[in-house]
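Working notes, structure below.
The values are calculated or read from the model by the stated rules, or taken from the named source; none is laboratory data. Bear in mind the structure is a predicted one, so any value in this text is a computation, not a measurement. All Cβ positions, even for glycine, are placed from backbone atoms using ideal geometry, and neighbour counts span all protein chains on display. Surface accessibility is based on the protein's heavy atoms, side chains included, excluding ligands, DNA and RNA. Shrake-Rupley method; radii C 1.70, N 1.55, O 1.52, S 1.80 Å.
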Amino acid sequence: MTRTESADRVRLPEHPSSEFRRSAGRFPTGVTVLTCVRDGEAHGMTVNAFTTVSLDPLLVLAVLGTGSRTARQVLSGDGFAVTVLSSLQEPTARSFADPVRTRGGAAFSTVAHAPAPRTGSPVLLGGIAYFDCLVESTHPAGDHTILVGAVQTFGMLSEEPALLFSRSRLGAEPDPRLP
């Protein structure tokens, strides 16, 4: 196939933002809750745009919507934690993603959590891993901000399967403990 033939097959959709979202939604992602403490109060939000960046130094990144009140709390400080959710935490993922959810420390009243060793940000104990980070840098990216964190502490929390997000649905990864 020539380049011209290829270009004829791929066309920009009539509604690029909604079609882009549908196309991007075909890529499965893990689900996390990103937390911080500001002025003595805990804040948290569900984030599925999260990845590791570097082993030397240890870096991770998360992508936060600029319109989010919780994102503003995270970006106004110097530290945060990320908990990778287990397949048993779908209600937690939905709760921290709900735009009309309870805000601040009250959002953590029904979720087992402990302070991260370095930043004190809540780590959700039902998760499968956590990363305790200092803000390394932030980068504007359209209607989002890329947050790069320098990992200070991290650890495994359980062997449960991870919670995944794909095609606008939450579900479990195949259980790694099964043959």
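What residues qualify as long-range amide H neighbours of residue 59, i.e. H under 5 Å apart, gap of 5 or more or another chain, H built at 1.01 Å from N?
The list, which skips near neighbours in sequence, is 53, 54, 151.
Rounding to the nearest 20 debye, state how big the charge dipole of segment 77-177 is about its Cα centre with +1 on each Lys and Arg Cβ and -1 on each Asp and Glu Cβ.
240 debye
For the chain, which whole-number percentage of the solvent-accessible area (1.4 Å probe, protein heavy atoms only) is attributable to carbon and sulfur atoms?
After summing per-atom areas, the C and S share lands at 55 percent.
Give me the distance between the Cα centres of segment 85-127 and segment 41-67, rounded to whole Å.
Between the Cα centres of segment 85-127 and segment 41-67 lies a distance of 15 Å.
Rg over Rh of the chain, using C-alpha atoms and the Kirkwood radius, what does it come to?
1.02
Would you please name the trypsin sites (Lys or Arg not before Pro) within segment 108-179 that are DSSP coil residues with at most 16 other C-beta atoms within 10 Å of their C-beta?
Qualifying residues, ordered by number: 118, 167, 177.
So for segment 102-143, Kirkwood radius off the Cα pairs, Stokes-Einstein at 20 °C and 1.002 mPa s: how many µm² s⁻¹?
Taking Rh from Cα pairs, D becomes 173 µm²/s.
Which one, 92, 141, 106, is farthest towards the positive end of the dipole of segment 79-179 when Lys and Arg carry +1 and Asp and Glu -1 on their Cβ?
106
Got a sec to turn the phi values of segment 123-135 into Karplus ³J(HN,Hα) couplings, 6.51 cos²θ - 1.76 cosθ + 1.60 with θ = phi - 60°, whole Hz, x for Gly and Pro?
10, 7, 5, x, x, 10, 6, 9, 9, 9, 10, 9, 5
Considering only 61, 29, 17, whose Cα is most displaced toward the positive end of the charge dipole of the chain, charges sitting on Cβ of Lys, Arg (+1) and Asp, Glu (-1)?
Of the candidates, 17 comes out farthest on the positive side.
List the extent of the Cα atoms of segment 65-134 along each of their three principal axes, largest first, rounded to whole Å.
The Cα atoms of segment 65-134 stretch 31, 30, 20 Å along their principal axes.
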